[in-house]
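Read-outs: derived from the displayed coordinates by stated rules, not from any lab. All values derive from a computational prediction rather than experimental measurement. Note that we place each Cβ from the backbone using ideal geometry, even for glycine, and neighbour counts take in every protein chain shown.
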Amino acid sequence: MTATTGRVALVTGASSGIGAATVRLLAARGMRVVVNYLRSGTAAEEVVAGIEAAGGQAMAVQADVRETAAIESMVEQVQAAWGGIDVLVHNALTPYVIKPFQDMTWEELGGKLDDEMRAAFAVTKAVLPAMTEQGWGRIIYLGTGLGRRPREGMIALGTAKAALAQFARYLAQELGPRGITVNVVEPGPVEDTRMAHVLDEEHKQRQVAATPLGRLAHPGDVAQAVAFYASEDNAFMTGTTAAVNGGMAMY
Ligand SMILES: NC(=O)c1ccc[n+]([C@@H]2O[C@H](COP(=O)([O-])OP(=O)(O)OC[C@H]3O[C@@H](n4cnc5c(N)ncnc54)[C@H](OP(=O)(O)O)[C@@H]3O)[C@@H](O)[C@H]2O)c1
């Protein structure tokens, strides 16, 4: 029995991509995992079935992370079934427009900032009381390298994720005395995600050529970094960022 066995992890947006890889890995390490999703109920149930077939424990819960009431009811559902939430991985990717600033409206930029921060705010508020009470918690937010290094057309996502990363550092400062760590995982481009499908082959090859480790990330590579931050092994890292990008950007 490892120290992580039986811990409960809520992963937002776990019906596909990085979130799905993360719940599979956390479950394989003995955690009970909540597979949150918005629309893809069938995919979420498939993720749960795969985990159960491998001997793990998982439940799928639908909730829009932009809706405070939906998040609260999800957390209540988890608490009723499993007692509490020890680990929050906030990974859900809300929509955003890809276009230059020149063509962007305030509703597009401001809407993404509002969605990103509203969701992070609400999911964090919902899990904090139980973590505070037990004096132990692990919070991990999914950022992106685009929050540091601009790429054409990505101003809405990059600016919103930069805000999320600073939010995480403020929380790390405030929550450390309660035994709660807060960290950010910042992937570069990741294969086998919806985002990857919007890149053409030439663009992808340019990204591979710019990556010292010679390939793009897989969702499982990102999950490994999340799983470290989520575990008892991470006793003394908080307010940090893990770049999972094969060396494409170094900071
Ligand atoms: N893919 C990349 O190259 C890449 C690079 C850097 C960072 N990241 C970050 O990694 C995270 C995951 O990205 P991904 O590419 O793995 O995403 P993805 O494959 O597009 O999956 C997105 C997930 O978010 C869920 N979701 C979307 N809106 C939601 C909402 N309002 N409430 C609850 N769930 C919602 C989706 O659920 P439904 O399917 O049910 O709607 C789905 O499970 C994101 O935060 C992203 O910014 C990704």
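Taking the fewest neighbouring Cβ atoms within 10 Å as the starting point, the ordered list for H218, H90, H203 is H203, H218, H90. Taking trypsin sites (Lys or Arg not before Pro) across the range 1-72, the ones in a DSSP loop with at most 13 further Cβ atoms lying within 10 angstrom of their Cβ are R39. Taking the empirical scaling 2.2 N^0.38 Å for compact globular proteins as reference, the range 111-214 has a Cα radius of gyration ratio of 1.28. Scaled against the 2.2 N^0.38 Å expected of a compact globular protein of N residues, the Cα radius of gyration of the chain reads 0.97. Computed from Cα atoms, the angle from the helix 219-230 axis to the main principal axis of the chain rounds to 50 degrees.
For the pair the range 227-251 / the range 115-170, the C-alpha centres are spaced 14 Å from each other. Under a 10 Å cutoff between Cα atoms, tell me which one of G41, G13, G84 has the largest fluctuation in the Gaussian network model of the chain. For the chain, modelled as a Gaussian network with Cα springs under 10 Å, the answer is G41.
Restricting the range 192-251 to GluC sites (Glu not before Pro) that sit in a DSSP loop and have at most 12 other Cβ atoms within 10 Å of their own Cβ leaves E232. Note on the range 161-251: semi-axes of the ellipsoid equivalent to its C-alpha gyration tensor, largest first and rounded to whole Å, are 29, 13, 11.
Restriction of the trypsin sites (Lys or Arg not before Pro) in the range 124-204 to DSSP coil positions whose beta-carbon has at most 14 other beta-carbons within 10 angstrom yields R151, R194. Computed from Cα atoms, the angle from the helix 68-82 axis to the main principal axis of the chain rounds to 40 degrees. Summed over qualifying helices (DSSP H, 4 residues or more, each -39500 (n - 2.57)) and divided by its residue number, the chain shows a 222 nm mean residue ellipticity of -14500 deg cm²/dmol.
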